[in-house]
Each structure stands twice: as structure tokens, then as C-alpha cells.
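Notes for the one structure printed next.
Every number in this text was worked out from the coordinates using simple rules, so none of it is lab data. As the structure is a prediction and not an experimental result, all values here were calculated from the model. Positions of Cβ are generated from backbone atoms using ideal geometry, with glycine treated the same way; all protein chains shown enter the neighbour counts.
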Amino acid sequence: MTNNIPRIDADGALEDRDAILNDIADRNSTFIEDAQQKLATLYGLLPPTFLAEDIRLLLLHAECRPHSPYVWGPFIKVLVRKGILEETGRWLPTRAKGSHAGRSPEYRLVTSNLQGLT
């Protein structure tokens, strides 16, 4: 008996995700650079641990807005790849109304890498 259930390609899914995030980041490099510079002046307002939405809300409050809401994910990925943010290993519900209490990774700043923001 043959199994006709399609196989899951987890590696392919990760590659596709990364390609999309990289494409969005490349097309919005000016915003990502501006947002990093703004965050360099505001990071002291973040609590010791926080969610990505806390960075988004902090930057929006400082009038740092992307052209598309889809840039926030790639922006956070850039900060993680640069070693500026690291995940704590905990996933917490989001608090912003539009986020619908979805679970999101908790982050902390890696203060020794903050020079990467400028």
C-alpha cells in the first residue's frame, strides 16, 4: 500500500522563509538602517526582557515607521543575526491588540554588541 500523504520539507520551508525575509530586508534597507540608529538612542527604555512588539511600539512612538508592516519581522531577524538580540528561550503571548495574543519569542539585548546598532 502506498502512502500518498505529501512529505513535509522542513528544510525547504526554512530556506523559503529566509529567502523571503532577506528579500524584504534588502528592499527596505534604508528603513532597517534608520530603525537601528533610532533604537541605538532608545534601547535604554526597553525592560530587561521584552517581545519584538515592544521594539515595534517603541520605534512607532518615536515616529520611526516602515512603508510596510511586513518589515518588522526581517528587522528583528537582522538584530538577532547581528547578535544585538538573543532569545531567552521563552515564548510569551503578545499584548498589542492587533497581535491577538499570539505567542512570540522573548528577547534580551546583548549589551556588549550594541555598537552594531550604529
Relative contact order, percent, the stretch 33-117 [alpha-carbon distance under 8 Å, six or more residues apart]
35 percent
Under 14 Å from the Cβ of Gly89, count the other residues' Cβ atoms, weight Lys and Arg +1, Asp and Glu -1, and hand me the total.
0
Students often forget the sequence filter, so: which aspartates and glutamates lie under 20 Å Cα-Cα from Lys97 once same-chain residues fewer than 8 apart are removed?
Glu53, Asp54, Glu63, Glu106
Helix hunt in the chain: which complete DSSP H runs extend at least 15 Å axially by C-alpha with mean Kyte-Doolittle at least 0.5?
none
Tell me which residues come under 5 Å, amide H to amide H, from Leu51 once H is placed; ignore anything under 5 positions away on its chain.
Tyr107
Once you sort the root eigenvalues of the Cα gyration tensor of the stretch 33-117 as a ≥ b ≥ c, which label holds: rounded (a/c under 1.5), prolate (a/b larger than b/c) or oblate (the other case)?
oblate
Net charge within 15 Å of Asp16 by Cβ-Cβ distance, Lys/Arg positive one each and Asp/Glu negative one each, not counting Asp16 itself?
-3
What list of ³J(HN,Hα) values in whole Hz, one per residue of the stretch 89-106 in order, does the Karplus curve 6.51 cos²θ - 1.76 cosθ + 1.60 (θ = phi - 60°) give from phi, with Gly and Pro shown as x?
x, 9, 10, 10, x, 6, 10, 5, 4, x, 8, 6, 6, x, 7, 9, x, 8
Farthest toward positive dipole pole in the stretch 33-117 [+1 Lys/Arg, -1 Asp/Glu at C-beta], among Leu114, Ala35, Gly98
Gly98
Sequence-distant residues sharing a close amide H with Val110 (under 5 Å, placed H):
Leu85, Glu86
